[in-house]
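One structure below.
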């Protein structure tokens, strides 16, 4: 096979983000250039590094040729069933597709990525829309305090393809901004990312899509207009005509207003236009507290939407009412979540507990005197993105080739996995995590300015010890530093007995979150103590790739948000597929799972308002008296039989529940219902005498 015939299929495989969850394709790129793959885990970087000589070697390798052909044929077959037109357009400010495609910040983006990948697998006719951010921040610590180093992103290196000769324009209070469009192929789903870094724009407009979730309010409003208004127009320019629009959080709400204006311009009355948009819109809220919603002052809405109001024949007061609760004064800030709720017939929370809280204290006042019509679609996770290859191989053999979307009965197959085989895999994954930390930690400390001997950092953690991981965004309600609040018990846990416990912390704070940064500082300061640093570490630079490494090696994934403050949470769900066991408060999605002390553990009870001290006391109690003894119980030999049985119980009872398959099935039912109603209302409007 000539080298060019190897390169072309490799480029096709690298050009579709299905490689993120396609293990054979990852293995191909690892074989092609092992050192580059281990450093980057990015097929594009591997292709860049392939010299003509190396390409020729690969082309002459019969086994490699056969694997390339098989992978290329598999992708071709997978894509053959792609729908001609999307049913639904999915709008979100962030998308967690791959580590180097930095258009994500945290859980919202990871959830969006899981939905898009699952929609691809399940042949949902979906197209997605987001923003292409020009910069990303790299977490840098100085004396434990988080600082942000901003780096320019390279869209082509990240795997994006610029749509040639396509520009859409958005009017921003009289300034016309040009927007270019990048495409990411995510299996069968195309994700279009909008970017204002266009030569024809003046400098202050080029930077609208500079950074995710940063900048003052007007900058944020402009970003959301580019997403919502620019997104609708980009789909139209691409010739795509979705029937249903899904706003994942209130950031996307301006797409509803743009669609109303389009209908009115086309001759539909304002009431009918609002009805059509409502019928064809799904809105997912992820916020558990009213303070978490986007709010814009009336003056900004007047500045940017007076023209829209005139075009639609309504007053600014009419528009402001869409972003207010009943009876709320017209001068108060405009709430984007209320805009979406008022313009969507299909509103859903992301867990049962979140639905209750949303009805009672977040969106409930919109429906005074009656039950809020808020549905529940509990979040799930895309299994193949978050499952290490060794565990996926076990699931393939004992659960079945479609293990990622298998039902409860199929997951009973994990009981057939030989205990010693499962334990060997878990031991291997933990050792790989420890090896990674021993490589990663000294480098991160040097980057922080450590000049002292770092030999100790190359020997941290015990590869045979119970390993507890606490890794998440350092928001206050997530109680990131909960264990550090009782330093004596934490010190005893990591130092006591013949087999001390490994504890690994990681996570970023929002650049503007001083409270979150302070929690990180407390953890880092504690981790530097000579008496604990051998078994307790903080790893900076948390991102999707580091999350995958931590999830793979964790024996226990510790999740302790304050009850009622986490809409769902999904990191604990991902750990199930690595053979980790969950230790969590009964919050968000964890509240509706049966976590019984056999498949995992609930911290405390279901009481709201539990104190930080009580949460820490209960968590330590389980770690000290239940979890660590069970892990170290080797009565029958070197394998903790009770622990391995608990791992199997976790997978058998939880894996089918936390998969993204049921979540996307639920959304698909909403999409089908919304499409049916929207078509009926649109036809009725077209038959009306006022329609031109």
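The values are calculated or read from the model by the stated rules, or taken from the named source; none is laboratory data. Just so it is clear, the structure is predicted and the values come from calculations on it, not from any experiment. In this analysis, Cβ positions are derived from the backbone assuming ideal geometry, glycine residues included, and neighbour counts consider all displayed protein chains.
Observations on the structure shown:
- Candidates in segment 274-311 are the residues that are in a loop (DSSP other than H, G, I, E, B) and in contact with a strand residue (DSSP E or B) (Cβ under 7 Å, 6 or more places away or on another chain); of these, the one that is surrounded by the most Cβ atoms within 10 Å (Cβ to Cβ) is 280.
For (1) surrounded by 22 or more Cβ atoms within 10 Å (Cβ to Cβ); (2) under 29 Å from the mean Cα position of the chain (by Cα); (3) modelled with pLDDT under 95, each residue gets a yes or a no:
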{"residue": "502", "(1), (2), (3)": "yes, yes, no"}
{"residue": "518", "(1), (2), (3)": "no, yes, no"}
{"residue": "521", "(1), (2), (3)": "no, yes, no"}
{"residue": "541", "(1), (2), (3)": "no, yes, yes"}
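- Of the numbered criteria (1) in contact with a strand residue (DSSP E or B) (Cβ under 6 Å, 6 or more places away or on another chain); (2) modelled with pLDDT of 95 or more; (3) not assigned by TED's automatic domain parsing to the domain that holds residue 543, the one residue 468 fails is (3).
- Matching helices (runs of 4 or more DSSP H) fully within segment 553-667 where at least 3 residues are within 30 Å of residue 418 (Cβ to Cβ) and in contact (Cβ under 8 Å) with a residue 40 or more places away in the chain: 571-575, 641-658
- The selection criterion, being touching a strand residue (DSSP E or B) at 6+ places or on another chain (Cβ under 8 Å), at pLDDT 95 or above and within 24 Å of residue 254 (Cβ to Cβ), does not hold for residue 212.
- Of the strands (runs of 3 or more DSSP E) that lie entirely inside segment 110-222, those containing 2 or more residues that are within 19 Å of the chain's Cα centre (by Cα) and in contact (Cβ under 8 Å) with a residue 40 or more places away in the chain span 126-131, 135-142, 175-186, 189-195.
- Any hit, segment 94-104, residues being outside any loop (DSSP other than H, G, I, E, B), surrounded by 15 or more Cβ atoms within 10 Å (Cβ to Cβ) and at negative phi: no
- Selection within segment 312-327 - surrounded by fewer than 19 Cβ atoms within 10 Å (Cβ to Cβ) and in contact with a strand residue (DSSP E or B) (Cβ under 9 Å, 6 or more places away or on another chain): 325
- None of 678, 641 is under 30 Å from residue 376 (Cα atoms) and in contact with a helix residue (DSSP H, G or I) (Cβ under 9 Å, 6 or more places away or on another chain) except 678.
- Selection from segment 400-435 of residues that are under 26 Å from the mean Cα position of the chain (by Cα) and surrounded by 15 or more Cβ atoms within 10 Å (Cβ to Cβ): 403, 404, 405, 406, 411, 426, 429, 430, 432, 433, 434
- In segment 358-398, of all residues being in a loop (DSSP other than H, G, I, E, B) and in contact (Cβ under 8 Å) with a residue 60 or more places away in the chain, the one that is farthest from residue 282 (Cα to Cα) corresponds to 388.
- Of all residues in segment 493-519, those satisfying the criterion of being in contact (Cβ under 8 Å) with a residue 12 or more places away in the chain and part of a helix (DSSP H, G or I) are 493, 494, 495, 515, 516, 517, 519.
- Residue that is farthest from the chain's Cα centre (by Cα), among those in segment 238-269 that are assigned to a loop (DSSP other than H, G, I, E, B) and within 18 Å of residue 125 (Cβ to Cβ): 239
- Looking across segment 282-309, just one residue is out of contact with any helix residue (DSSP H, G or I) (no Cβ under 9 Å at 6 or more places or on another chain) and under 16 Å from residue 254 (Cα atoms), and that is 307.
- Some residue of segment 65-85 being surrounded by 16 or more Cβ atoms within 10 Å (Cβ to Cβ), assigned to a loop (DSSP other than H, G, I, E, B), in contact with a strand residue (DSSP E or B) (Cβ under 9 Å, 6 or more places away or on another chain) and in contact (Cβ under 8 Å) with a residue 60 or more places away in the chain: no
- Residue in segment 451-485 that is farthest from residue 638 (Cα to Cα), counting only those that are out of contact with any helix residue (DSSP H, G or I) (no Cβ under 8 Å at 6 or more places or on another chain) and not in a helix (DSSP H, G or I): 451
- Residue within segment 449-464 that is modelled with pLDDT of 95 or more, closer than 28 Å to residue 628 by Cβ and crowded, with 19+ Cβ neighbours inside 10 Å present: yes
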